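Okay, structure first, notes after.
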Amino acid sequence: MIPIVTTLIFWSFLAAVIIVPIYFRHRDRVQMHETLRSAFEKGVALPPDLISSLQSNIAAKAMPTREGDLRRGIVLVGVGIGVALLGYGLWWGLASVDDTAAAITGACTAGAGAIPGLIGVAYLILWATKSKDSDKSVSNV
C-alpha cells in the first residue's frame, strides 16, 4: 500500500510542478487579452509604451542573448560535472561490493553527465563566437 501512495504522491507533485506554472501563465495571458479587448471596444487609445513592451517581449524571446548563452553554458557544464562526480561516487561506493557492477554503474552515470555537460560546452562556444554587437542589434529591433 505504501509504495502505491508514494508513487502517486511523486507523480502528482511532478505534474503539479509542470502544470501549475503553465496554468498561471495562461491565465495572465487571458486577462491581458480581455483587458486589451475591452480597451479596444471602448475606443481607448493604447499607450505606445504598452505596445512597445508587448513587441519587445516577442523580440527578446526570439533570439537568445550572449549573456543568456553564457549563463546556460555555465549551469549545464556544472550539472554535467555534478552528475559525473555522482558516477565517480557510485563507482567508489560499489567497488567494495562488486567491481563489474561498480564500473557499469559509475560509467553509465558519468556518461549521462556528459550529455548536459557537452550541451553546456556548445552554449559556451556560442557565447564565445557571438559578437557583442549582435546583442545590441537584437535589442534595437
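Only the coordinates and a few stated rules stand behind these numbers; no lab work does. Please read all numbers here as calculations on a predicted model, not as lab measurements. Every residue, glycine among them, receives a Cβ derived from its backbone with ideal geometry; neighbour counts consider all protein chains shown.
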Could you figure out which of (1) assigned to a helix (DSSP H, G or I); (2) surrounded by fewer than 16 Cβ atoms within 10 Å (Cβ to Cβ) isn't true of SER96? (1)
Quick check on my filter: what residues within segment 91-115 are without any contact (Cβ under 8 Å) to a residue 24 or more places away in the chain and either among the acidic types (Asp, Glu) or touching a Leu at 6+ places or on another chain (Cβ under 7 Å) (or both)? ASP98, ASP99, ALA101, ALA102, THR105, GLY106
Kindly indicate which of ARG27, ARG71, ARG66 is touching a Lys or Arg at 6+ places or on another chain (Cβ under 6 Å) and surrounded by 10 or more Cβ atoms within 10 Å (Cβ to Cβ). ARG66
